[in-house]
Each structure stands twice: as C-alpha cells, then as structure tokens.
Amino acid sequence: MSLFRIPACLLASLMVWLAVGTVAAADDEAPEVYEKVYLTLPQALGIALPAEDAVEERVLAPTRAQRRRIERALGRKLPEATWHVHRSHREGRTTGWAFAMDEQGKYYPITFIVGLTPDGAVRDVAVMVYREKRGDAVHRRRFLNQFQDKTVEDPLMVNRDIVHLTGATVSSWSIAAGVRKAVVIHEVLLREEGSRP
C-alpha cells in the first residue's frame, strides 16, 4: 500500500495543467506560421533588375576555397551548398544580378530579393514573404532604402550603417545579413563577370 495517494480529481487536474503547460511552452518556442506574401518572384525580379532586359537563372556552386572566402568575409558558416541567382542582360552585357534570399528571422525564414548592379552595388531590396506576426515592418521602404548603393566595402550591419526598426530588431538584423551575403557572394563569384556576356 502506498503512503502517498493523490485524489483522482486532483490527479486529473494536474494532468490537464501539465498538458496545457506543455502546449503553451511549445507555442512560446515556435508560434504558428503566419505567412504574408508581398511579392511573387516575377514581381520581385521586376524591382531588383532593369525591367526591359532579358533575365536568366543560374546556379552558383562555389569551390571549397571560394566558400571559405565567403564565410570568412561574413564571419559565419553558411548552410547553403549553392545559390540561385538571376542575371539580367542586354546585347550580351550583364545589366544586373538578383539574389532571392532566405534568412532566419526570430522563428521562421524571411524571403527577400537583393538586386545588384553589374559591379555589385545594391540596386534595391524587397521583402517577398514574411512568416511571423510581428516584425514585418522591414518590408517598408523606410527601412529598405538604407541599402541602396551599398557595396562590399560597407559594413551592412545594424548599428553600423543600417538603423534597425523598433519592434523588428531581429528581422532588421536578418535582412542586413542577407544583403551582406549577396554582395559578398557577388564579389567572390561574379565580379569578374559583371561586364562580360
């Protein structure tokens, strides 16, 4: 016989409390996905690249040495093995590059496009898909216009040359990190090709 017995009604209440607490804890860790689509890929390419030019998609697969250079410049390891890039061209000459990026937000990735000039300066940035209920102010021009004309020579970091948005601090860091990644990838893998067919 047990010396410690819990009444059945108290045991049932305890089990309900534990179940609700477990669900609430899971919600705090990763809330339900909330997806707001601002732009489709064709719409985003229309912003990032000259509208009148032909566009082709390419896959960039860096060598081990190139990957090390990119990671050293960014100060972090990269999960991607390859990157998809869109090249706009006219009469055989490159007129721009566009990178569709996924960078981790607080819980879920933010999808956005980074348009670059042939020599690697930021032409424009636009948020395509935002997946959380808070922090989506980063899709506004007030924030994104800060990136225009920045190059690999710029820090492209919050609190250095980019001002974060209150209430969207993590998202601000994520967008800045993705833009920096695009200009570094361009510098390492595409710069020599910028004005060639």
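A compact table of results
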quantity: Length added when fully stretched, Asp119-Asp161, from 0.36 nm per residue minus Cα-Cα; calculated: 13.1 nm
quantity: Over the stretch 36-193, relative contact order from alpha-carbon pairs under 8 Å, at least 6 apart, %; calculated: 23 percent
quantity: All lysines inside 16 Å of Lys36 as judged from Cα atoms, apart from same-chain residues fewer than 8 positions distant; calculated: Lys106, Lys133
quantity: Between the stretch 47-80 and the stretch 103-175, the alpha-carbon center distance in angstrom; calculated: 17 Å
quantity: DSSP beta bridges in the stretch 36-193 [antiparallel fraction, %, rounded to 5]; calculated: 95 percent
quantity: Partners for Lys150 among lysines (Cα-Cα distance below 22 Å; same-chain residues under 8 apart left out); calculated: Lys181
quantity: Linear extension gain, Ala137 paired with Arg64, 0.36 nm per residue minus alpha-carbon span; calculated: 22.6 nm
quantity: Loop-located GluC sites (Glu not before Pro) in the stretch 95-180 whose Cβ has at most 12 other Cβ within 10 Å (DSSP); calculated: Glu153
quantity: The stretch 36-193: Cα Rg divided by the 2.2 N^0.38 Å rule of thumb; calculated: 0.98
quantity: Sorted by Cβ density within 10 Å, fewest first, the residues Met128, Met157, Met101; calculated: Met157, Met128, Met101
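Coordinate-derived values only; no laboratory data. Everything numeric in this text was worked out from a predicted model, so none of it was measured. For neighbour counting, all protein chains shown are included, and Cβ atoms are generated from backbone atoms with ideal geometry for every residue, glycine included.
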